[in-house]
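Student: Sending over a structure as structure tokens; questions will come in a sec.
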Amino acid sequence: MLFKQQVWLRQKLLVLGSLAVGSLLYLVARVGSLDRLQPICPIEGRIGARGQAEFPLRALQFKRGLLHEFRKGNVSKEQVRLHDLVQQLPKAIIIGVRKGGTRALLEMLNLHPAVVKASQEIHFFDNDENYAKGIEWYRKKMPFSYPQQITIEKSPAYFITEEVPERIYKMNSSIKLLIIVREPTTRAISDYTQVLEGKERKNKTYYKFEKLAIDPNTCEVNTKYKAVRTSIYTKHLERWLKYFPIEQFHIVDGDRLITEPLPELQLVEKFLNLPPRISQYNLYFNVTRGFYCLRFNVIFNKCLAGSKGRIHPEVDPSVITKLRKFFHPFNQKFYQITGRTLNWP
């Protein structure tokens, strides 16, 4: 009987000891990961309008967790009120371009503790039906955030839709505008590839890229093809410059964001007047996926959807050459207007 009691006691002590060691290791890992990701210090500089209070990064980490729980429906309206959560109009918008890397840019900026993203494309300014619902409808489509945070949304169709610049100007004439671009021919082929994949899923046939991009009657570039028109960046930008000065735009190199994301994100942080917080720790190359994924902490990682990084179809080299020659003068003007030269052929 005494022997059984001793065995039972030893087992009990082993279980309690394991629980204590496990809890200690978890706490060490958790605190260590937060310290590596975000140092414990106040943000050096102010976010948003002049006069807003500074806030500690550890508090922001907690707040981000609370926002995540609210989106899942695990936080009550009373908790929202107690924590001063609000739905703010965006202080910055990623206005384009389609297939330039808008989703990747938005997700990567969301690594910053002072940024809150709208998960879905709102299509408020480019959709007449949505726009007619009014600015309060738009505000209610925004995520909950803290007053010191920046809300960002992205809708790539904004860049090429004629009515959008004036509509955004009426909402906020000092808003910051982000445009992410890729080499124009590559972007056009990527645009085509996405449409092609959609057709194939529905068992529909589709023209080859060459037939769409080149006018069969003139053998010249077909400027009526939307994928080509979208890649003439300077034409669209000139329409925006009727309402906003060039200083309110920031050009992101979408090709570089794929291969070397951190320097591009640091430039955006500076443009948005955010303290530098995104580091190499937050970005890791996924060999299987073939592109960079996101690391928020030691527990939570995220890769973009499997539809990203589609393999492009082979395109006749002579068509690629013709397209690049066509885009070249527009590219040069784009560099001149924006003050940023990109490594495009």
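Student: Of the conditions (1) open to solvent by less than 30 Å² (accessible area, probe 1.4 Å); (2) assigned to a strand (DSSP E or B), Tyr292 fails just one. Which one is it?
Tutor: Unmet condition: (1).
Student: While we're on this one: In the range 169-206, what count of residues is obtained for those that are assigned to a loop (DSSP other than H, G, I, E, B) and crowded, with 17+ Cβ neighbours inside 10 Å? First the steps, then the outcome.
Tutor: At the first step, the residues of the range 169-206 found to be assigned to a loop (DSSP other than H, G, I, E, B) are 172-175, 182-183, 202-206.
From what is left, the residues that are crowded, with 17+ Cβ neighbours inside 10 Å are 182-183.
Residues meeting the conditions: 2.
Student: Test Tyr131 against the stated conditions and say whether it is under 26 Å from Pro275 (Cα atoms) and either touching a Lys or Arg at 6+ places or on another chain (Cβ under 7 Å) or among the β-branched types (Val, Ile, Thr) (or both). Walk me through how you get there before you give the answer.
Tutor: Values: under 26 Å from Pro275 (Cα atoms): no; either touching a Lys or Arg at 6+ places or on another chain (Cβ under 7 Å) or among the β-branched types (Val, Ile, Thr) (or both): yes.
Judged against the criteria, Tyr131 is not a match.
Student: For the range 322-334, indicate whether the set of residues that are polar (S, T, N, Q) and outside any helix (DSSP H, G or I) is non-empty.
Tutor: Filtering the range 322-334 for residues polar (S, T, N, Q) gives 331-332.
Filter again for outside any helix (DSSP H, G or I), leaving none.
Within the range 322-334 (the criterion being polar (S, T, N, Q) and outside any helix (DSSP H, G or I)), the answer is no, since none of the residues qualifies.
Student: Taking the conditions exactly as written (open to solvent by less than 80 Å² (accessible area, probe 1.4 Å), among the aliphatic types (A, V, I, L, M) and assigned to a helix (DSSP H, G or I)), does Val315 satisfy them or not? Before the answer, list the steps.
Tutor: Values: open to solvent by less than 80 Å² (accessible area, probe 1.4 Å): yes; among the aliphatic types (A, V, I, L, M): yes; assigned to a helix (DSSP H, G or I): no.
For Val315, the condition - open to solvent by less than 80 Å² (accessible area, probe 1.4 Å), among the aliphatic types (A, V, I, L, M) and assigned to a helix (DSSP H, G or I) - is not met.
Student: Out of all the residues in the range 250-264, is one or more surrounded by fewer than 16 Cβ atoms within 10 Å (Cβ to Cβ), in contact with a Lys or Arg (Cβ under 8 Å, 6 or more places away or on another chain) and modelled with pLDDT of 95 or more?
Tutor: Looking for residues that are surrounded by fewer than 16 Cβ atoms within 10 Å (Cβ to Cβ), in contact with a Lys or Arg (Cβ under 8 Å, 6 or more places away or on another chain) and modelled with pLDDT of 95 or more, one finds at least one in the range 250-264, hence yes.
One line per residue, one yes/no per condition, for (1) open to solvent by 20 Å² or more (accessible area, probe 1.4 Å); (2) among the hydrophobic types (A, V, I, L, M, F, W, C); (3) in a loop (DSSP other than H, G, I, E, B); (4) at pLDDT 95 or above:
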position	(1), (2), (3), (4)
Lys242	yes, no, yes, yes
Ile299	yes, yes, yes, no
Ile311	yes, yes, yes, no
Trp344	yes, yes, yes, yes
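Student: Just give me the residues in the range 210-225 being touching a residue at least 24 places away in the same chain (Cβ under 8 Å) and part of a helix (DSSP H, G or I), in sequence order.
Tutor: Glu210, Ala213
Student: Go through Leu323, Leu283 for me and flag whichever is under 18 Å from the mean Cα position of the chain (by Cα), touching a residue at least 60 places away in the same chain (Cβ under 8 Å) and open to solvent by less than 60 Å² (accessible area, probe 1.4 Å).
Tutor: On the way: Leu323 fails: under 18 Å from the mean Cα position of the chain (by Cα).
Being under 18 Å from the mean Cα position of the chain (by Cα), touching a residue at least 60 places away in the same chain (Cβ under 8 Å) and open to solvent by less than 60 Å² (accessible area, probe 1.4 Å) holds for just one of Leu323, Leu283, which is Leu283.
Student: Among the residues of the range 126-156, which ones are of a type in the set (A, V, I, L, M) and either within 22 Å of the chain's Cα centre (by Cα) or on the phi > 0 side of the Ramachandran plot (or both)?
Tutor: Met142, Ile150, Ile152
Student: Here are some residues: Glu129, Glu136, Glu166, Glu121. Which one is open to solvent by 50 Å² or more (accessible area, probe 1.4 Å), part of a loop (DSSP other than H, G, I, E, B) and modelled with pLDDT of 95 or more? Step through it out loud before you land on a result.
Tutor: Values: Glu129 fails: part of a loop (DSSP other than H, G, I, E, B); Glu136 fails: part of a loop (DSSP other than H, G, I, E, B); Glu166 fails: part of a loop (DSSP other than H, G, I, E, B).
Checking each option against the conditions leaves just Glu121.
Student: Confirm whether Ile337 is touching a Leu at 6+ places or on another chain (Cβ under 9 Å) and within 27 Å of Ile232 (Cβ to Cβ). Outline the logic, then answer.
Tutor: Values: touching a Leu at 6+ places or on another chain (Cβ under 9 Å): yes; within 27 Å of Ile232 (Cβ to Cβ): yes.
It is true that Ile337 is touching a Leu at 6+ places or on another chain (Cβ under 9 Å) and within 27 Å of Ile232 (Cβ to Cβ).
Student: Please work out if Lys270 is in a helix (DSSP H, G or I), more than 30 Å from Gly198 (Cβ to Cβ) and open to solvent by 30 Å² or more (accessible area, probe 1.4 Å). Step through it out loud before you land on a result.
Tutor: Working: in a helix (DSSP H, G or I): yes; more than 30 Å from Gly198 (Cβ to Cβ): yes; open to solvent by 30 Å² or more (accessible area, probe 1.4 Å): yes.
Spelling it out, Lys270 is indeed in a helix (DSSP H, G or I), more than 30 Å from Gly198 (Cβ to Cβ) and open to solvent by 30 Å² or more (accessible area, probe 1.4 Å).
Student: Pick from the range 139-157 the residues that are open to solvent by 20 Å² or more (accessible area, probe 1.4 Å) and charged (D, E, K, R): which of them is nearest to Asn273 (Cα to Cα)?
Tutor: That would be Arg139.
Student: How many of the residues in the range 223-234 are surrounded by fewer than 17 Cβ atoms within 10 Å (Cβ to Cβ) and touching a helix residue (DSSP H, G or I) at 6+ places or on another chain (Cβ under 7 Å)? Give the derivation first.
Tutor: Just the residues of the range 223-234 that are surrounded by fewer than 17 Cβ atoms within 10 Å (Cβ to Cβ), to begin with: 223-224, 226, 229.
Still in the list and also touching a helix residue (DSSP H, G or I) at 6+ places or on another chain (Cβ under 7 Å): 223.
Qualifying residue count, the range 223-234: 1.
The values are calculated or read from the model by the stated rules, or taken from the named source; none is laboratory data. What you see is a predicted model; the values in this text were computed from it and never measured. All Cβ positions, even for glycine, are placed from backbone atoms using ideal geometry, and neighbour counts span all protein chains on display. These accessible areas exclude ligands, DNA and RNA; they are computed on the full protein's heavy atoms, side chains included. Shrake-Rupley method; radii C 1.70, N 1.55, O 1.52, S 1.80 Å.
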